[in-house]
């Protein structure tokens, strides 16, 4: 199921050509060559926009890969910001250090190699944004560990919350047949965020669905 019409996506991406910086283009090329699921430019710009809109200075990412989403958050934070990235593969830390270093964005970054939820528990304090893009079976726990770590007025943001339409129950593909628990984990997190009276949330139907939840209290 296409969440957004491919022609509409192409049109929006065409409007974002101003961001054609060499390092960003390299990261996008690596994502395409490796089949690595980066969020892409449409969502990347949304992440930067959200962070700038609330004056974010402290961001924690649950799941960072080789730093593509971190690129956009680091742009928003600017000098003196604090960005925590996480991934289980030390090679992705090396790649993120190289890419973000050459982009002039590494100074704000602390990279945690290991389990993302554990890293969040180990870092004290509240965050302006907690961003989630880990393995989908970990989404309910990601919400639970993040829910009270976002400051009032801050955001919990999560990618892949429409899961190629599988959350509707109307997509029957190989992944849904072999790993239905992934879809149910995403549904569980979506329901928890939507029902939480301390948050106001919605899902932006771009790319694979981006949940944005504003902490009210």
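Condition check for residue 144 on (1) over 22 Å from residue 4 (Cα atoms); (2) exposed (fewer than 14 other Cβ atoms within 10 Å of the Cβ); (3) at pLDDT 95 or above; (4) over 18 Å from the mean Cα position of the chain (by Cα): one failure, at (4).
Only one of the numbered conditions (1) more than 18 Å from residue 151 (Cβ to Cβ); (2) under 12 Å from the mean Cα position of the chain (by Cα) is violated by residue 73, and that is (1). If you go through the range 126-140 and keep only what is surrounded by fewer than 17 Cβ atoms within 10 Å (Cβ to Cβ) and either under 11 Å from residue 59 (Cα atoms) or free of Cβ contacts under 8 Å to residues at least 60 places away in the same chain (or both), you end up with 126, 137.
A count restricted to the range 184-217 and to residues that are surrounded by 17 or more Cβ atoms within 10 Å (Cβ to Cβ), touching a residue at least 24 places away in the same chain (Cβ under 8 Å) and more than 24 Å from residue 44 (Cβ to Cβ) stands at 2. Of the strands (runs of 3 or more DSSP E) lying entirely inside the range 39-113, those containing at least 3 residues that are modelled with pLDDT of 95 or more and surrounded by fewer than 23 Cβ atoms within 10 Å (Cβ to Cβ) span 109-113.
Residue-wise test of (1) at pLDDT 95 or above; (2) within 19 Å of residue 49 (Cβ to Cβ); (3) outside any strand (DSSP E or B).
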residue: 165; (1), (2), (3): yes, no, yes
residue: 185; (1), (2), (3): yes, no, yes
residue: 192; (1), (2), (3): yes, no, yes
residue: 202; (1), (2), (3): yes, yes, no
residue: 207; (1), (2), (3): no, yes, yes
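Looking across the range 22-38 at every residue that is outside any helix (DSSP H, G or I) and surrounded by 13 or more Cβ atoms within 10 Å (Cβ to Cβ), the one that is farthest from the chain's Cα centre (by Cα) is identified as 36. Residue count for the range 161-183 satisfying the condition of being touching a residue at least 60 places away in the same chain (Cβ under 8 Å) and within 30 Å of residue 56 (Cβ to Cβ): 2. Within the range 4-21, restricting attention to residues that are out of contact with any helix residue (DSSP H, G or I) (no Cβ under 7 Å at 6 or more places or on another chain), within 20 Å of residue 160 (Cβ to Cβ) and surrounded by 10 or more Cβ atoms within 10 Å (Cβ to Cβ), the residue that is modelled with the highest pLDDT is 8.
The values are calculated or read from the model by the stated rules, or taken from the named source; none is laboratory data. Owing to the predicted nature of the structure, the values given are computational and were not obtained by experimental measurement. Because the Cβ atoms are built from the backbone with ideal geometry, glycine has one as well, and the counts that use them run over all protein chains shown.
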